[in-house]
Amino acid sequence: MNEHIIQIQHLNKTFGSGDGAVHALEEINLDIRQGEIFGIIGLSGAGKSTLVRCMNLLERPTAGKVIVDGQDMTALSEKELRLARRNITMIFQSFNLLMQRTCLKNVCFPMELCGVPADKARRRAAELMELVGLGDKADAYPAQLSGGQKQRVAIARALATDPKVLLCDEATSALDPTTTASILELLKDLNRKLGVTVVVITHQMSVIEEICSRVAILDGGVVAEQGTVEDIFSHPSTDAARRLVYPGGASVQQYGAATHAVRVAFNGGSAYQPLIASLAIECGVKVNILGADTRNIDGKAFGTMLLGLPDDPNDAAKALSYIRSQPDVAAEEVEYHA
Amino acid sequence: MLEIFTAGFWSQYGALLAAGTRDTLIMTLVATVFAYVLGLPLGVALILTQPHGIRPCALLYRVLGWIINVGRSLPFIILMVAIMDFTKLIVGTKIGVLGAIPPLVISAAPFIARMVETSLAEVDAGVVEAAQSMGASTLQIVWKVYLPEAKPSLILGGSISIITILAYTAIAGAIGAGGLGDLAIRYGYQRRVDSMMLVTVIFLIALVQIIQSIFSRVSTRIDKRLK
Ligand SMILES: Nc1ncnc2c1ncn2[C@@H]1O[C@H](COP(=O)(O)OP(=O)(O)OP(=O)(O)O)[C@@H](O)[C@H]1O
Ligand SMILES: [Mg+2]
């Protein structure tokens with residue numbers, strides 16, 4: 001009935017009061033669409049966990065509304081809230097499985113909570129274990145599994161109540177890159193097969209570029225930027241976004257010496273190398289690559305390069321106008337004095 | 001003391017020792033059961049109402065903590081004498097096996113509450129939070145998360161509680177409660193039958209060893225984190 005499965009309006013969260021108060025979230029507004037994979041990225045302490053915990057009211061917002069599937073979560077009674085939480089489940093960085101239960105029994109757990117008959121629960125749990133690729137581990141205990149397998153069990157458990165939304169708080173941060181990729185693949189797959197909306201919290205840009213369609217950048221408790229992943233990648237307009245998009249990459253601040261440079265952003269069109277080559281051939285100008293951070297998203301080139309321009313002002317101007325004439329490339333002149 | 005290896009010793013004292021052992025076991029087990037009936041809910045209440053618990057309630061947490069501390073600060077022998085009238089009211093006698101049980105329970109319950117609190121505190125807060133995120137009620141979290149997840153630790157705590165109560169029964173013996181402690185005092189101390197003292201001590205040591213090894217084994221066997 002509503003294309004937005006989660007609407008967050010004027011959300012504020014303050015811990016403590018008086019001088020010691022921590023404003024973890026300030027004036028957050030977000031709309032997450034039905035069926036999308038939405039990313040929330042930010043550095044440590046940005047308020048990501050607090051934000052996601054406000055979505056299922058594990059944390060009660062100080063002010064503002066959290067509307068999930070048309071229901072204002074902040075207005076629910078405790079009992080109604082418990083029911084609503086079956087619709088918006090969560091997985092965690094530390095998996096949080098019940099260690100004294102078998103994997104199958106872990107998946108049964110949320111169904112036990114809402115009174116599903118035991119044999120029906122067991123059948124569904126077995127199906128879900130198949131779905132996450134662990135059909136043979138039903139009777140194993142979590143301690144016998146690897147991290148990736150544990151997270152798969154946690155995902156199966158989170159899906160047991162047929163939720164509309166799956167919240168993932170740093171779900172891959174404890175895993176190695178290969179396992180991370182396989183878990184992200186699984187989430188993508190479940191999103192496609194089941195239509196479940198996925199909210200991914202992470203501090204890794206690679207996770208966002210891997211599976212998200214839209215992203216919000218959280219910085220110091222405020223949303224610095226939000227939009228499609230492509231837009232944010234190609235035109236990061238805030239410092240917070242640039243810090244995340246180019247971690248340790250082509251940031252001007254890194255080059256201490258006085259440099260006449262140009263920051264070139266590739267917006268999903270031409271590749272990088274030919275530009276440098278053709279600059280040399282067609283303009284006869286040689287530029288230095290001071291730094292580069294480039295990525296491939298959906299087969300298109302994104303990223304930036306920091307090019308040091310020649311000292312000769314004529315050559316520099318020639319190079320600059322040549323770069324600006326290229327399609328899908330944005331150039332920003334940066335004069336940096338140490 | 002070598003007479004403990006003679007048939008004469010056992011024909012003279014065997015029946016007494018058997019009855020004493022039986023009384024000690026009855027007092028210990030019955031008192032443990034009732035002490036847990038009081039102490040377990042108290043320990044759960046402490047965990048739930050603590051500042052970071054799932055049902056924080058500073059007032060209740062503080063009041064319970066205060067009562068428990070008072071209970072734990074009274075030496076058993078003083079408590080036993082102090083509540084004799086209450087004991088008579090409850091079980092109809094101040095002495096014997098029956099008379100020892102109320103003070104044993106009252107003395108052990110606060111201790112058990114703290115043991116339970118410690119065991120439950122070991123349960124990963126993340127797991128509790130996960131249960132909350134799935135819509136578990138407080139009661140469900142207690143029954144399906146806290147108690148089962150802490151079971152191995154609760155069982156180990158159980159052995160400590162039982163052994164503590166066993167030691168209390170020996171003290172209770174000093175003021176007419178019966179059991180092995182009573183035999184040690186009456187025969188070993190007052191009548192200077194050294195061999196009786198030795199045997200009661202050996203019996204007590206054996207009981208403690210047996211209880212501890214059974215509980216340790218069960219705790220390890222059921223703990224699924226270890227495999
Ligand atoms: N229960 C709490 N009491 C007080 N302050 C808190 C509490 N929870 C979080 N905070 C504060 O709120 C801010 C945001 O914390 P949060 O855990 O949401 O950050 P995060 O983005 O998830 O960081 P990380 O990447 O390290 O998990 C931090 O300054 C943190 O200290
Ligand atoms: Mg976090």
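Here are the numbers for this structure:
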read-out	value
Single match in A:176, A:231, A:189, A:219 (criterion: more than 16 Å from ligand 2 (Cβ to nearest atom), within 24 Å of residue A:306 (Cβ to Cβ) and away from every other protein chain (no Cβ under 14 Å))	A:231
Leading residue by the ranking (farthest from the other protein chains (Cβ to nearest Cβ)) among those in the stretch B:113-166 that are part of a loop (DSSP other than H, G, I, E, B) and not small (Gly, Ala, Ser)	B:122
Answer residue from the stretch B:204-227, given it is crowded, with 17+ Cβ neighbours inside 10 Å and in contact (Cβ under 8 Å) with a residue 24 or more places away in the chain and is farthest from the other protein chains (Cβ to nearest Cβ) among those	B:204
Qualifying residue in the stretch A:33-42 (condition: more than 12 Å from ligand 2 (Cβ to nearest atom), away from chain B (no Cβ under 11 Å), open to solvent by 40 Å² or more (accessible area, probe 1.4 Å) and on the phi < 0 side of the Ramachandran plot)	yes
Within the stretch A:51-65, considering residues that are among the charged types (D, E, K, R) and within 11 Å of ligand 1 (Cβ to nearest atom), the one surrounded by the fewest Cβ atoms within 10 Å (Cβ to Cβ)	A:59
Pairs where the first residue, in the stretch A:41-70, is farther than 28 Å from residue A:242 by Cβ and without any contact (Cβ under 8 Å) to a residue 40 or more places away in the chain and the second is away from ligand 1 (no atom under 12 Å from the Cβ) and of a type in the set (S, T, N, Q), C-beta under 9 Å, 6+ apart	A:57/A:74; A:58/B:132; A:58/B:133; A:60/A:74
Matching residues, the stretch A:77-109, being of a type in the set (Lys, Arg) and facing chain B (nearest Cβ under 9 Å)	A:79, A:82, A:85, A:86, A:101
Within the stretch B:147-201, considering residues that are over 23 Å from residue B:88 (Cβ atoms), open to solvent by less than 30 Å² (accessible area, probe 1.4 Å) and polar (S, T, N, Q), the one nearest to the chain's Cα centre (by Cα)	B:161
Checking residue A:32 against (1) more than 14 Å from ligand 1 (Cβ to nearest atom); (2) under 20 Å from residue B:133 (Cα atoms); (3) in contact with a helix residue (DSSP H, G or I) (Cβ under 8 Å, 6 or more places away or on another chain); (4) of a type outside the set (Lys, Arg), the condition it does not meet	(3)
Residue list for the stretch A:199-215, restricted to those being more than 14 Å from ligand 2 (Cβ to nearest atom), crowded, with 24+ Cβ neighbours inside 10 Å and assigned to a strand (DSSP E or B)	A:215
Unique residue being open to solvent by 30 Å² or more (accessible area, probe 1.4 Å), closer than 29 Å to residue A:4 by Cα and more than 16 Å from ligand 1 (Cβ to nearest atom) when the list is A:78, A:127	A:78
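Per-residue answers, yes or no, for (1) farther than 25 Å from residue B:175 by Cα; (2) open to solvent by 50 Å² or more (accessible area, probe 1.4 Å):
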| residue | (1), (2) |
| --- | --- |
| B:20 | no, no |
| B:26 | no, yes |
| B:45 | yes, no |
| B:52 | yes, yes |
| B:60 | yes, yes |
| B:63 | yes, yes |
| B:75 | no, yes |
| B:102 | no, no |
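The values are calculated or read from the model by the stated rules, or taken from the named source; none is laboratory data. Everything numeric here is computed off the predicted structure, so don't read it as measured data. FYI the Cβ positions are ideal-geometry reconstructions off the backbone, even for glycines, and counts take in every protein chain you see. For accessibility, only protein heavy atoms count, side chains too; no ligands or nucleic acids. Shrake-Rupley method; radii C 1.70, N 1.55, O 1.52, S 1.80 Å.
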